[in-house]
1. Is there any pair with a first residue in the range 355-372 that is among the aliphatic types (A, V, I, L, M) and a second that is at pLDDT below 95 whose Cβ atoms are under 7 Å apart and which are 6 or more apart or on different chains, and what are they?
2. Looking at (1) among the small types (G, A, S); (2) farther than 27 Å from I158 by Cα; (3) assigned to a helix (DSSP H, G or I), find the lone condition where S477 falls short.
3. Inspect the range 134-146 for any residue being among the aliphatic types (A, V, I, L, M) and part of a loop (DSSP other than H, G, I, E, B) and give the result as yes or no.
4. Residues that are in contact with a Pro (Cβ under 8 Å, 6 or more places away or on another chain), crowded, with 24+ Cβ neighbours inside 10 Å and touching a residue at least 24 places away in the same chain (Cβ under 8 Å), at least 1 per element: which strands (runs of 3 or more DSSP E) completely within the range 157-214 meet that?
5. Please work out which one of (1) closer than 13 Å to Q159 by Cβ; (2) touching a His at 6+ places or on another chain (Cβ under 9 Å); (3) in a loop (DSSP other than H, G, I, E, B) is the condition A94 fails and give its number.
6. Pairs please, first residue from the range 279-300 and within 14 Å of G228 (Cβ to Cβ) and in a loop (DSSP other than H, G, I, E, B), second anywhere and aromatic (F, W, Y) and modelled with pLDDT of 95 or more, Cβ atoms under 9 Å, 6+ apart in sequence or on different chains.
7. For the range 65-87, which residues satisfy the criterion of being among the acidic types (D, E), surrounded by fewer than 21 Cβ atoms within 10 Å (Cβ to Cβ) and under 22 Å from R517 (Cα atoms)?
Amino acid sequence: MPKPSHRELLVSAALACLAPVAHADDSGPPAGQLRPKLILQLTVDQLRGDLPWRYYERFGEGGFRYLMEEGTVYLDAHHRHANTETIVGHTTLATGADPAAHGMVANVWLDRATGQLTYNVEDARYPILTAGAGVDRSTEIDPTQRAARSDGRSPAAIQVSTFSDELSLFYGRQSKVFGVSVKDRGAISMAGHTGKAFWFSKQSGEFITSRFYYDRYPDWVTAYNERGPAAGYAARSWQLLNKASTYVFGDADDRAYETALPGFGRVFPHPFGQPEDRFYTTLLTVSPAGDEITVAFAKAVIDNEGLGADEVPDYLGVSLSSTDYVGHVFGPSSLEAEDNLLRLDRALADLLAFVDKRVGLEQTLIVLSADHGAPEAPGYLQELGFESDYIDPASFDAKVEFAPVKAQFGIGEELITTYFHPYLYLNRVLIEEKGLDQALVEEAVAKVLMDFDGVALAVSSMALREGRVPDFPLVESVRRNFNPTRSGDIYLVFEPNRFINDFDGLIVASTHGSPWRYDSHVPIVFAGAGVPARRVARRVETVDVAPTLSLLVGTKPPSGAVGLPLHEVLP
């Protein structure tokens, strides 16, 4: 095509000057931006990107089908950081930042100053409002929860702003902002620093919060909890929604590698027991009941707080946790996981129908994604002929391969003190006492670890700090996870289909946390509020979600955001 002449360019410029322009008294947001009454951010814990398509034909109307047919669907969306854990992914979706910037590098990290474990949203300054409703470490199946030393909770450890923060700041705190989940970290990360967060207490069977958010519960929350959110499941069981013959995994209910929780078993029906039973509320969360309870409370928030009731946009983040718990206990390719997704579809349809009635889907900007994907359970992979097994980092220090390294530095004691996913921690006290160079020790240990069975990559934190790492994608994903004040000494990446399955004594069927595609691949779907219906095949990243919300609504991006707005979502 020939280039336009100078005269043609001048004519084009003159015609552009004659086009209608916006005046100061024009109402409404700028072209390409929206003024929704409600932003609804849905995060499904452990929803791998392919799973909604696996069961698409069996979904009903109004849930996944509405989102996937009426919204903009990104088919190749991934987290770009290495440690695909719950708080890491939730905070990335909320901030548009990498863990290196937002600071949530893992569900748990070691505080070097105190020598104590830090649970990501733990904050002893802000105890929960309900006495005795904290974590029951004897029944909690979430090992990261058991690591917390106090029941106080806040978003203080998130080092940058979230989209919900920016919305609140833009509208002068007039926007109502809430986060709701079974998991404290799922609710708190979505609500950000300026919103209100509520999560489900397995100890009390209620939705609770901390003194960071309130001095006392709103009256409606007190009344809601008095009705007993979990009581309706007493003496009931998780039963199949449809006939077993209609399921992909209908003939594979009982597998030896699945986790048989006390009283719950490995086969349908899975009984919940009675409210006074020790594991009653825990079992609810390892089933679709956990999401049903969460959706019911989210609807109560909309009604009682008047979300979407005026022209100032409000925000509701709903993190749905059952898919994660079911995936850990039974694996993502199990009859339980299949039935859970069919029931999750119903829960989503219920929530979206409620939002449509109260606010209107045309006035609601919806985004659905996941904090991470999920690997197949090793037992299932072995059935299909794959080589897959578990690995135990706790045994590394005692291996004979480490003897030359210890001899090199004159260390006769334990060099590796502990492993908290995904980091190995070295004995820094000993290293300092001997006057050794931390960087040299880290690199020597990392070099030996690379020869260990099951280890794909070992990266020294000092090498990351000093920029002495090779430039290739796997290392780049580790670099994005590196925070100088929180990361351990050596980041470990295990080979594909090699996993840790012993979490503080709890043996699970499947676990996530790697940079491999089965863990990084998640759905990203925008819908409602004029978002066009289309499917997009290009590669996008979860850091793009928050900047896209900011562009659509007109706020500035969150302070640490590095993602790019997804232009296909623009009306």
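The values are calculated or read from the model by the stated rules, or taken from the named source; none is laboratory data. Treat the numbers as computed from the prediction; the structure is a model and nothing was measured. Cβ sites come from the backbone with ideal geometry, for glycine too, and all protein chains shown count toward neighbours.
1. Pairs that qualify, where the first residue is among the aliphatic types (A, V, I, L, M) and the partner is at pLDDT below 95, are L365/L34.
2. (2)
3. yes
4. On the way: elements: 177-181, 196-201, 206-208.
Where strands (runs of 3 or more DSSP E) fall fully within the range 157-214 and carry at least 1 residues being in contact with a Pro (Cβ under 8 Å, 6 or more places away or on another chain), crowded, with 24+ Cβ neighbours inside 10 Å and touching a residue at least 24 places away in the same chain (Cβ under 8 Å), they are 196-201, 206-208.
5. A94 satisfies all of (1) closer than 13 Å to Q159 by Cβ; (2) touching a His at 6+ places or on another chain (Cβ under 9 Å); (3) in a loop (DSSP other than H, G, I, E, B) except (3).
6. Close Cβ pairs satisfying both conditions: none exist.
7. D76
Here is a yes/no grid of residues against (1) more than 17 Å from A298 (Cα to Cα); (2) in contact with a Leu (Cβ under 6 Å, 6 or more places away or on another chain):
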| position | (1), (2) |
| --- | --- |
| Y171 | yes, no |
| Q174 | yes, no |
| I188 | no, no |
| S210 | yes, no |
| S245 | yes, no |
| F249 | yes, yes |
| D253 | yes, yes |
| V267 | yes, no |
